[in-house]
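First comes the structure, then the notes that go with it.
Read-outs: derived from the displayed coordinates by stated rules, not from any lab. Treat the numbers as computed from the prediction; the structure is a model and nothing was measured. Cβ: placed from backbone, ideal geometry, glycine included. Neighbour counts: every protein chain shown.
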Amino acid sequence: MSNKKKPAAGARRPASAGLRAQAQRAKERRTRRRRATAVAGCIVPLAGIGVLGTLIADRSADDPSVARAASGPVKVPAAAAPKDPTTLSYGPAHARNTLDVYEDPRCPMCGILERSVGREVRRLADQGTVKVNYHFAVFIDRAAGGTGSRFAVSALGAAADRGVTCFQRLHEELFADQPDETDDGFGNTGHLLDLAARVKGLRSPSFDAAVRDLRYLPWAESVGKEFQRSGPDGTPQRELNGQRLDVFSDRGEPLTPSHLTRLVRERGA
């Protein structure tokens, strides 16, 4: 959890010397993996989690192909909010309550919170109680190095172009298998496609190409810029009908499904 006085994991802040050192070591490991792949001419284990990815799928932030993809035309996902193309919404537009979710795919506190209440949020949306607006940050890529935040948001954009259900289910899978903050696991599109394979009906030649080619990376960049311009100082954050919720207790415990439901009932419209 974060606020202006005490940024937490995932907050916009200068990287510490330790974090920069960890990021440099991670970058060196990725470089060694790419070299090993080039020599062996085959796929290799990536990020220490048994996921297989090809050389082309493991591109660093300074890869010219990433810069070219990021500077391409902005393709807005079909499921983006009509009045805000940088926001992805889930749930009925006519719901009386709106829950705004602010998170970075690489933010560990976001992962803890999502694994605690993510499915309850989906249940409340599915029953028509709330509409959920997702606002994504990508600042951990700048703080820790890498491309994982942007690539993950790009993949979510590709899923949202297939429909809001596909987006929401992939969102769940990303946070269910979230790598460590300093591990740029989401920076590998092969890994993202492996996670997408768990979502029924999501994988297709067109979706796979959109993820591999970073077709929604320009959109992800615009999403990150909008968060930086108008979003909160850090992640995670939740707002119910414009009112900020306390998502972690003083003891560091995340919001629970029952507590979230009670808050919606007590503070809802």
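Going from the residue with the fewest nearby Cβ atoms within 10 Å to the one with the most, R238, R150, R251 rank R251, R238, R150.
A Förster radius of 45 Å, combined with the Cβ-Cβ distance separating S206 from D246, puts the computed FRET efficiency at roughly 0.60.
Stretched out straight at 0.36 nm per residue, the stretch from R198 to A67 would grow longer than its current Cα-Cα span by 44.2 nm. For V130, nonlocal amide neighbours, meaning residues 5 or more places apart or on other chains whose placed amide H falls under 5 Å from its own, are A125. Counting only the Cα atoms, the stretch 63-267 fills a convex hull of 116 Å³ per residue. Overall form of the stretch 70-118: oblate. Here a/c, set by the Cα gyration tensor axes a ≥ b ≥ c, is 1.5 or more, and a/b is not larger than b/c.
Placing dummy labels 7 Å off each Cα toward the beta-carbon, the span from D180 to K75 is 3.5 nm.
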